[in-house]
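Chemist: What follows is a single structure, and I will ask about it in a moment.
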Amino acid sequence: MNLSEKTLSSKSVFDGKILHITLDEIELPDGKKSKREVVNHPGGVAVAALDCDNNLFFVRQFRYPYKEVVLELPAGKLEKGSTPLENGKRELLEETGAIGYSYISLGQVYPSPGYTSEVIHLYACRVQNEGESKPDDGEFLNVEKIPLDKAVEMVLNNIIPDAKTQIAVLKTAMLLKSGKI
């Protein structure tokens, strides 16, 4: 069975600094019409950065939609004119002051494919230098290092709810165990 849906029309509902929301009329595989609300997002990147003792760099920051401080790997939205890897290196440096090397791709994540076009690119790396974080204006965060084994335990015990962080932590742990990092 063909599962594709065909866009018949698209109406802009909201144009923000980061998000662009459309209301699309579509044709379903059976020929019936329906509507789709789509949150268009430029995409993001997250980095699992390991120091020589296999500690991961994390940031804690207030996430307004959840009204709580969230523990996450360094991450950010993709900027035009830069590759996802370049964006990841920039975010790691800005948010933690760390400079990574031996970057490997952990793949891409679709955080919520039912309503958003966002794709998050995941990377792992080793850290060669540590320095001071230089967050963007209006960005407030605390940096901390957590042993990889403890981070895995925190994911498994639902202490880290952020999806991109969960995935990157678990993939990094598996790749380290198999000798690929």
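Chemist: Is the range 65-80 home to any residue that is assigned to a helix (DSSP H, G or I) and in the same structural domain as Gly131 (by TED's automatic domain parsing)? Before the answer, list the steps.
Modeler: Kept after step one, since they are assigned to a helix (DSSP H, G or I), are these residues of the range 65-80: 65-66.
Among the residues that remain, those that are also in the same structural domain as Gly131 (by TED's automatic domain parsing) are: 65-66.
Looking for residues that are assigned to a helix (DSSP H, G or I) and in the same structural domain as Gly131 (by TED's automatic domain parsing), one finds at least one in the range 65-80, hence yes.
Chemist: Between Asp53, Asp30, which is surrounded by fewer than 13 Cβ atoms within 10 Å (Cβ to Cβ), touching a residue at least 40 places away in the same chain (Cβ under 8 Å) and not in a strand (DSSP E or B)?
Modeler: That would be Asp53, the only listed residue that is surrounded by fewer than 13 Cβ atoms within 10 Å (Cβ to Cβ), touching a residue at least 40 places away in the same chain (Cβ under 8 Å) and not in a strand (DSSP E or B).
Chemist: Let me ask something else. Going through the range 126-139 one residue at a time, which ones are out of contact with any helix residue (DSSP H, G or I) (no Cβ under 7 Å at 6 or more places or on another chain) and modelled with pLDDT under 95?
Modeler: Gln128, Asn129, Glu130, Gly131, Glu132, Asp137, Gly138, Glu139
Chemist: What are the pairs with Cβ atoms under 8 angstrom where one residue, in the range 120-138, is closer than 26 Å to Leu170 by Cβ and the other, located anywhere, is buried (at least 16 other Cβ atoms within 10 Å of the Cβ) and of a type in the set (Ser, Thr, Tyr)? Sequence gap at least six, or different chains.
Modeler: Listed by first residue and then by second, the contacts come to Tyr123/Tyr103; Ala124/Tyr103; Ala124/Thr172; Cys125/Tyr103; Glu130/Thr96; Ser133/Thr96.
Chemist: Still on this model: Here are some conditions: (1) in a loop (DSSP other than H, G, I, E, B); (2) on the phi > 0 side of the Ramachandran plot. Ser102 meets all but one. Which one does it not meet?
Modeler: Of the numbered conditions (1) in a loop (DSSP other than H, G, I, E, B); (2) on the phi > 0 side of the Ramachandran plot, the odd one out for Ser102 is (1).
Chemist: With respect to the numbered conditions (1) part of a loop (DSSP other than H, G, I, E, B); (2) within 30 Å of Ser9 (Cα to Cα), which one is the sole condition not fulfilled by Val39?
Modeler: Val39 satisfies every listed condition except (1).
Chemist: Moving to a separate point now. Please enumerate the residues belonging to the range 116-140 that are buried (at least 18 other Cβ atoms within 10 Å of the Cβ), of a type outside the set (Val, Ile, Thr), under 17 Å from the mean Cα position of the chain (by Cα) and closer than 15 Å to Pro74 by Cα. Spell out the reasoning first.
Modeler: First, the residues of the range 116-140 that are buried (at least 18 other Cβ atoms within 10 Å of the Cβ): 118, 120-125, 127, 133.
So of that shortlist, the ones also of a type outside the set (Val, Ile, Thr) come out as 118, 121-125, 133.
Then keep just the ones that are under 17 Å from the mean Cα position of the chain (by Cα); that gives 118, 121-125.
His121, Leu122, Tyr123, Ala124, Cys125, listed by residue number.
Chemist: Any residue in the range 85-95 that is assigned to a strand (DSSP E or B) and surrounded by fewer than 19 Cβ atoms within 10 Å (Cβ to Cβ)?
Modeler: no
Chemist: I've got another one for you. Checking the conditions here, which among Val59, Val69 is of a type outside the set (Ser, Thr, Tyr) and surrounded by 15 or more Cβ atoms within 10 Å (Cβ to Cβ)?
Modeler: Val59
Chemist: With respect to Val143, is the statement that it is surrounded by fewer than 19 Cβ atoms within 10 Å (Cβ to Cβ), of a type in the set (A, V, I, L, M, F, W, C), assigned by TED's automatic domain parsing to the domain that holds Asn55 and touching a Lys or Arg at 6+ places or on another chain (Cβ under 9 Å) true?
Modeler: For Val143, the condition - surrounded by fewer than 19 Cβ atoms within 10 Å (Cβ to Cβ), of a type in the set (A, V, I, L, M, F, W, C), assigned by TED's automatic domain parsing to the domain that holds Asn55 and touching a Lys or Arg at 6+ places or on another chain (Cβ under 9 Å) - is met.
Chemist: Mind listing whichever residues of the range 104-150 are small (Gly, Ala, Ser) and closer than 30 Å to Val39 by Cα? Steps first, answer last, please.
Modeler: So in the range 104-150, the residues small (Gly, Ala, Ser) come out as 105, 107, 112, 114, 117, 124, 131, 133, 138.
Within the range 104-150, Ser105, Gly107, Ser112, Gly114, Ser117, Ala124, Gly138 meet the criteria.
Chemist: Here is a further query. Residues being within 18 Å of Ile160 (Cα to Cα) and of a type in the set (Gly, Ala, Ser): count how many of those fall in the range 25-70.
Modeler: 3
Chemist: Does any residue of the range 9-27 turn out to be under 25 Å from the mean Cα position of the chain (by Cα), of a type in the set (Lys, Arg) and not in a loop (DSSP other than H, G, I, E, B)?
Modeler: Looking through the range 9-27, none of the residues is under 25 Å from the mean Cα position of the chain (by Cα), of a type in the set (Lys, Arg) and not in a loop (DSSP other than H, G, I, E, B).
Chemist: Out of curiosity, is Val70 in contact (Cβ under 8 Å) with a residue 24 or more places away in the chain, under 30 Å from Ala151 (Cβ atoms) and β-branched (Val, Ile, Thr)?
Modeler: In short, yes.
The values are calculated or read from the model by the stated rules, or taken from the named source; none is laboratory data. Here the structure is a predicted model, which means the values were calculated and not measured. Glycine also receives a Cβ, built like all others from the backbone with ideal geometry; neighbour counts cover every protein chain displayed.
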